[in-house]
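Participant: I'd like to ask some things about the structure below.
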Amino acid sequence: MTAAELEKPRLRRDFAALRGEFPALEQLVHGKPLAYLDNAASSQSPTAVQEATALQQRLNHSNVHRGVHALSERATAAFEAARDKVRGFINAATTKEVIFTRGTTESINLVAASFGRRLAPGDEVLITWLEHHSNIVPWQLLCERSGARLVVAPIRDDGSLDVAAFEARLSSRTRVAAFAHVSNALGTINPVAELTRKAHAAGAVVLIDGAQAVPHQRVDVRALDCDFYAFSAHKMYGPTGTGVLFGKSAVLDSMPPYQGGGDMILTVSFEGSTYNALPYKFEAGTPNITGVVGLGAAVDYLETIDFRAVRDHEHALLEYATRRLLTEVPGAKVIGTAPAKAAVLSFVIDGIHAHDLGTIVDREGVAIRTGHHCAMPVMDRFGVAATARASFAFYNNFDDVDRLIAGLRRAVEIFRG
Amino acid sequence: MDELQELYREVILDHNRNPRNFGELADATRVVAGVNPLCGDKMTLYVKLAGGTIEDIRFRGTGCAISVASSSLMTERVKGASVAEALALFERVHELLTTTPHDHPQGPDGLDKLAALGGVREYPSRVKCASLAWHALKSAVGDELKANVTTE
């Protein structure tokens with residue numbers, strides 16, 4: 001071990017103490033302590049993030065990249081510091097490759113709109129059956145505009161991607177391959193490095209939807225070698241309305257602007273305009289400055305945490321919840337049993353619709369997501385209209401799982417008498 | 001009775017378990033598809049209108065207990081009713097689902113079993129589950145026939 005490594009502060013893995021740093025988790029809901037198990041939809045923020053956004057709003061509120069006054073300089077410094085934090089967090093080569101957006105959805109729309117301009121009839125976009133609507137619909141719209149064809153790689157009965165079928169659908173016609181790192185509806189972890197290699201071999205550009213991966217594992221965009229990686233702040237303990245598009249400089253440089261406006265130009269005249277350099281070329285208008293500062297604080301927070309321990313802890317919660325669900329809740333069935341699976345438990349219970357489950361456990365203070373999870377094709381694939389989904393974060397504990405199981409047993413009692 | 005039992009009253013659970021008038025209606029004169037985009041609930045309502053009367057009515061679809069029970073209770077209640085009666089009932093149920101009890105000028109009188117649907121008032125996210133079938137009914141028997149109904 002080098003001297004530098006010895007001096008590094010020890011990464012935190014004291015999950016009970018970490019939980020105490022999330023004020024929202026200390027409240028009562030319907031008179032019961034909150035068990036928040038809807039982290040795949042949005043995760044709670046620690047005090048450190050809340051203080052950073054409050055400070056930005058209280059004292060540093062101003063516009064970025066414009067003013068010469070102190071507040072604007074402070075806001076700009078905080079905004080650009082966040083960009084460098086994100087760069088380090090995902091191991092991008094330069095801050096030019098970190099574009100701030102409204103979230104994963106806008107990041108994907110940016111690529112579909114801008115990179116998509118070069119698509120033509122005969123071209124194909126390859127996605128998978130696991131995708132969230134935000135990684136389906138932008139490509140559908142692009143295909144409608146361009147005459148390109150949307151191709152979908154199937155999944156197996158356990159919810160894992162059929163990699164051979166994915167590969168078989170790649171060809172010289174494939175211009176873009178877009179796939180989730182982790183499925184929001186089922187928790188399946190895709191072999192994204194392998195998929196990226198195969199897509200690159202076919203000559204396609206690769207976009208990875210990392211919204212569900214970034215909060216739970218370290219992501220290294222250079223190791224993955226993807227061309228684009230999209231994620232959202234609010235699923236990684238940061239604020240809503242802010243996200244990131246990582247893009248390789250060479251690819252981003254070759255793309256036309258996404259939206260026009262302030263900040264993305266160098267010069268404007270009525271005869272024509274010239275565009276700003278990366279990353280500003282893709283950041284038209286005043287960005288969500290407070291959100292970005294909060295995202296920077298969330299990255300700082302996550303940098304103190306032992307992600308290997310996070311994975312083990314979340315996996316233990318998933319295994320415990322799965323076992324208790326299947327042994328103690330009559331008629332329960334898990335949807336999505338891929339060998340590589342994140343801490344997402346999607347399930348149905350015979351004779352009880354997911355919405356009714358959601359309402360009943362809510363009254364016990366347990367927050368879960370119910371419905372189609374913005375992944376209707378996944379629901380259709382498994383022949384269900386909706387599932388209930390418990391998704392875990394490092395601040396969850398075994399008591400949260402016990403409360404979920406008790407709530408589900410209450411639902412069975414109400415429905416079966 | 002706690003709040004959950006208020007929502008999941010026996011009549012709701014019964015109509016969810018054994019929905020009345022469930023299935024297609026081959027000689028329907030009106031067919032309306034209803035969808036709740038929030039949750040993906042879908043229902044198709046089949047109505048056979050004859051001389052201003054709902055001669056027969058059936059429904060199909062998937063949904064939560066509230067939505068299935070509401071469809072079932074609705075079809076049971078309006079079968080044999082006139083279009084005018086059905087539309088008046090729509091207004092009363094809509095009021096029941098969306099306003100506080102003391103605002104009901106007519107009170108729950110005459111709603112009978114339908115009063116059980118009032119339990120959703122305490123659950124704002126579930127009001128749409130109960131109202132989908134009624135919007136489909138209104139669309140099916142109203143003058144302006146809309147082929148698709150959503151709760152949005």
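Participant: How much FRET efficiency would the formula 1/(1 + (r/R0)^6) give for A:Ala24 and B:Glu85, where r is the Cβ-Cβ distance and R0 is 45 Å, rounded to 0.05? Walk me through the numbers on the way to the answer.
Facilitator: Details: r = 49 Å, r/R0 = 1.09.
About 0.40, to the nearest 0.05.
Participant: With each run of n ≥ 4 DSSP H residues scored as -39500 (n - 2.57), what mean residue ellipticity at 222 nm is computed for the protein assembly as shown after dividing by its residue count and rounding to the nearest 500 deg cm²/dmol? Before the final figure, lay out the partial values.
Facilitator: Values: 20 runs with 217 residues, N = 569.
Dividing the helical sum by the residues of the protein assembly as shown leaves -11500 deg cm²/dmol.
Participant: Using modelled backbone amide H atoms (1.01 Å from N, in-plane), which distant-in-sequence or interchain residues come within less than 5 Å of A:Arg12's amide H?
Facilitator: HN-HN under 5 Å from A:Arg12: A:Ile305, A:Asp306.
Participant: Turning to a different aspect of this structure: Would you kindly compute the Cα radius of gyration of chain B and its largest Cα-Cα separation (Dmax), both in Å?
Facilitator: 14.3, 45
Participant: So in segment A:111-209, what percent of DSSP beta bridges are antiparallel if you round to the nearest 5? Please report the intermediate quantities before stating the final value.
Facilitator: Numbers: 2 of 15 bridges.
If we restrict to bridges inside segment A:111-209, about 15 percent are antiparallel.
Participant: How would A:Cys374, B:Cys129 line up from fewest to most surrounding beta-carbon atoms within 10 angstrom? Provide the component values of the computation, followed by the final result.
Facilitator: Numbers: A:Cys374 18, B:Cys129 29.
The order, fewest Cβ neighbours first, is A:Cys374, B:Cys129.
Participant: While we're looking at this one, here's another question. What ranking of A:Val348, B:Val120 emerges when the number of other C-beta atoms within 10 Å of each C-beta is taken as an exposure proxy, fewest first?
Facilitator: By the 10 Å Cβ count, ascending, the order reads A:Val348, B:Val120.
Participant: Please compute the net charge surrounding A:Leu150, taking Lys and Arg as +1 and Asp and Glu as -1 over other residues with Cβ under 10 Å from its Cβ. Provide the component values of the computation, followed by the final result.
Facilitator: Values: positive: A:Arg149; negative: A:Glu124, A:Glu144.
Net charge around A:Leu150: -1.
Participant: Now, a different point. Taking K and R as +1 and D and E as -1, what net charge do the other residues with C-beta under 15 Å from the C-beta of A:Ile289 add up to? Kindly include the intermediate steps, with their values, before the conclusion.
Facilitator: Details: positive: A:Arg58, A:Arg66, A:Arg74, A:Arg83, A:Lys85, A:Arg102; negative: A:Glu73, A:Glu80, A:Asp263, A:Glu283.
Value of the local net charge: +2.
Participant: Give the long-range amide H neighbours of A:Val205: residues separated by 5 or more places, or on another chain, with amide H under 5 Å away, using H modelled in the peptide plane at 1.01 Å from N.
Facilitator: Here A:Val176, A:Ala177 satisfy the definition.
Participant: Mind jotting down the distance between the C-alpha centroids of segment B:2-43 and segment A:340-417, whole Å?
Facilitator: Spelled out, the Cα-based centre of one part sits 21 Å from the other.
Participant: Among residues other than A:His313 whose Cβ falls under 14 Å from its Cβ, what is the net charge (Lys/Arg +1, Asp/Glu -1)?
Facilitator: With Lys, Arg at +1 and Asp, Glu at -1, the neighbours total -2.
Participant: Pairs to check: A:Lys198/A:Lys235; A:Lys198/A:Lys281; A:Lys85/A:Lys235. Give those whose C-alpha atoms are more than 20 Å from each other in this structure.
Facilitator: Working: A:Lys198/A:Lys235 29 Å; A:Lys198/A:Lys281 30 Å; A:Lys85/A:Lys235 17 Å.
Over 20 Å Cα-Cα: A:Lys198/A:Lys235; A:Lys198/A:Lys281.
Participant: Just the Kirkwood number for segment A:1-89, please: inverse of mean 1/r across all distinct Cα pairs, in Å, one decimal.
Facilitator: The Cα-based Kirkwood calculation yields 16.6 Å.
Participant: Is there a simple number for the mean count of other chain Cβ atoms within 10 Å of the Cβ of residues in A:350-357, and what is it? Mind dumping the intermediate values first?
Facilitator: On the way: counts 0, 3, 3, 11, 3, 13, 13, 1.
Mean partner-chain Cβ count within 10 Å for A:350-357: 6.
Participant: Give the aspartates and glutamates reachable from A:Lys341 as a straight Cα distance under 18 Å; neighbours fewer than 8 places away on the same chain don't count.
Facilitator: Partners within reach: A:Asp38, A:Glu131, A:Asp157, A:Asp158, A:Asp162, A:Glu194, A:Asp209, A:Asp312, A:Glu314, A:Glu319.
Participant: Which of A:Leu404, A:Leu126, A:Leu11 moves most in a GNM of chain A, Cα contacts under 10 Å?
Facilitator: A:Leu11
Participant: Can you list the lysines whose alpha carbon is less than 25 Å from that of B:Lys138, not counting same-chain residues fewer than 8 positions off?
Facilitator: Cα-Cα hits under 25 Å: B:Lys42, B:Lys48, B:Lys79, B:Lys113, B:Lys128, B:Lys146.
Participant: Now a separate question. Can you run the Rg to Rh ratio on the protein assembly as shown? Use alpha carbon positions and the Kirkwood inverse-distance Rh.
Facilitator: Numbers: Rg = 26.3 Å, Rh = 26.0 Å.
My calculation of the ratio gives 1.01.
Participant: Mean separation of Cα pairs under 8 Å and 6+ residues apart, divided by the residue count of chain A: what relative contact order is that in percent? Kindly include the intermediate steps, with their values, before the conclusion.
Facilitator: Numbers: 840 pairs, mean separation 94.7, N = 417.
It rounds to 23 percent for chain A.
Participant: I've got another one for you. How shielded is B:65-71 by partner chains, expressed as the average number of their Cβ atoms within 10 Å of its Cβ atoms?
Facilitator: 2
Participant: So what is the relative contact order for segment A:306-414, in percent, with contacts set as C-alpha pairs under 8 Å and at least six apart? List each step's numbers first, then the result.
Facilitator: Values: 144 pairs, mean separation 36.0, N = 109.
Here the relative contact order equals 33 percent.
Participant: For segment A:145-198 and segment B:54-100, what is the centre-to-centre distance using only Cα atoms, to the nearest Å?
Facilitator: Comparing the Cα centres of segment A:145-198 and segment B:54-100, I get a distance of 44 Å.
Participant: Which ordering of A:Leu141, A:Leu295 is given by a fewest-first count of other beta-carbon atoms within 10 Å? Could you put the intermediate results ahead of the total?
Facilitator: On the way: A:Leu141 14, A:Leu295 31.
The most exposed by this proxy come first: A:Leu141, A:Leu295.
Participant: Tell me the relative contact order for chain B as a rounded percent, counting alpha carbon contacts under 8 Å between residues six or more apart. Don't jump to the answer; show the numbers that get you there.
Facilitator: Values: 269 pairs, mean separation 45.6, N = 152.
Once divided by the residue count of chain B, the mean separation gives 30 percent.
Rule-based calculations on the coordinates, nothing more; no lab input. Since the structure is predicted, the reported quantities are computational estimates derived from the model, not experimental observations. Neighbour counts run over all protein chains shown; Cβ positions are idealised from the backbone, glycine included.
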